[in-house]
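These notes are about the structure you will find just below.
Each reported figure results from applying straightforward, stated rules to the coordinates on display, with no laboratory input. Computed from a prediction, not measured in an experiment: that's the story for all the values here. Here the Cβ positions follow ideal geometry from the backbone for every residue, glycine too, while neighbour counts run over all protein chains shown.
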Amino acid sequence: MLNFTDNYARSFYYLRLSITDVCNFRCSYCLPDGYRPQGANNKSFLSLDEIRRVTRAFAAAGTEKVRLTGGEPSMRRDFTDIIAAVRENKGIRQLAVTTNGYRLQRDVAQWRDAGLTGINVSVDSLDPRQFHAITGQDKFEEVMRGIDAAFDAGFSKVKVNSVLMRDVNYRQLDAFLTWIRTRPIQLRFIELMETGEGGDLFRQQHVSGESIRQYLLEHGWSLQARARSDGPAQVFHHPDYLGEIGLIMPYEKDFCASCNRLRVSAVGNLHLCLFGDGGVSLRDLLASDDQQDALQARIASSLSHKKQTHFLHQGNTGITQNLSFIGG
């Protein structure tokens, strides 16, 4: 079977598929001025059939996990249909979404029925006022009810993403730990990354996750082994907690050595790295089912250009102008 592998013997089992650039939140580190179309509109995003074809091609090449990202994926009216279409692929064992959580309470049960297996919710502060200030939306309680609804719908674990910022949540670790002591939440602190539009914010708010890792190790937390289709988080477990802590530290040495994921944008471009210098268009090979071999060949060929590492340490953010494409 064809496997997507690059020149550094890294195999890619994980696809992060953006299905829209639109988001209804205005997070200070991501889209502080709200969503602004960059030459794309709702009709130019991948159609349901195109999503079906691209995920089929990845599944046939060994992809085991797909994460639906945005923007805010649930802004798509056909989001539940998209979940069902991806799950048509028997090889896709994990199908997750990264969401701001505003539609969780209403829709999470039907998402699970359609085949969703994992949820990441973005929550950068447990203080409702601070949450409002960060997101531009007074939706904290709604998002919390959505997380409860996910458990009620049958999800055994919910992942919560928090972008680590010096003056926002860096000193709130105790509050977060109290929150996850009795809840099966994997709380993931993601180091703030520099982007083309976010240099000032990065210099003001970036803080390394190393001090949190040291705290965890000194207080009885232990590092868990990674599975081959897991994301980049270092996950820590403690016997007294139902929840877990994950750390995503892209500035750490050798962060890219275990890279196992590729990205496809909402307009059908393959991105070999979040902080790469461009994308490879796949759109012309998503028009019909009989193009799958050519589509897989283009993806496989593109991997010969994947670099060994990103260049964030040199301040090179590639084409990434903001963090809306990260998706957690």
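Descriptive notes on the structure:
- Close amide H pairs (under 5 Å, H built 1.01 Å from N) link Arg67 with Leu15, Arg16, Leu17, Ala96, residues at least 5 positions away or on another chain.
- Computed Rg/Rh of the chain, alpha carbon atoms with Kirkwood Rh: 0.94
- The helix-based estimate of mean residue ellipticity at 222 nm for the chain, built from -39,500 (n - 2.57) per DSSP H run of four or more residues and divided by its residue count, is -8000 deg cm²/dmol to the nearest 500.
- Working note: Karplus 6.51/-1.76/1.60 with θ = phi - 60° gives region 245-262 the couplings 10, x, 10, 10, 10, x, 8, 6, 4, 6, 4, 7, 4, 9, 4, 9, 10, 10 Hz, where Gly and Pro are set to x.
- Remark: the Gln308-Leu2 segment gains 108.0 nm on full extension, using 0.36 nm per residue and subtracting the alpha carbon distance.
- Among the trypsin sites (Lys or Arg not before Pro) in region 120-182, those located in a DSSP loop and surrounded by at most 14 other Cβ atoms within 10 Å of their own Cβ are Arg166, Arg171.
- If you take the Cα centroid of region 111-157 and the Cα centroid of region 224-259, the two points sit 21 Å apart.
- Note on Phe151/Ser208: beta-carbon distance plugged into 1/(1 + (r/R0)^6) with R0 of 30 Å gives a FRET efficiency of 0.40.
- The slack in the chain from Asp49 to Leu223, taken as 0.36 nm per residue of separation less the alpha-carbon distance, amounts to 58.6 nm.
- Relative contact order (%) - criterion: Cα under 8 Å, at least six apart; region: the chain: 22 percent
- Estimated D of region 1-132 in µm² per second, where Rh is the Kirkwood radius over Cα pairs and Stokes-Einstein applies at 20 °C, 1.002 mPa s: 134 µm²/s
- For region 57-75 versus region 6-24, the inter-centroid distance based on Cα atoms is 7 Å.
- GluC sites (Glu not before Pro) restricted to DSSP loop in region 41-96 with at most 12 other C-beta within 10 Å: Glu88
- Within region 209-266, trypsin sites (Lys or Arg not before Pro) in DSSP loop having at most 14 other beta-carbon neighbours inside 10 Å: Arg226, Arg228, Lys253
- Gyration tensor verdict on region 133-264 (Cα atoms; rounded if a/c is under 1.5, prolate if a/b is larger than b/c, oblate otherwise): rounded
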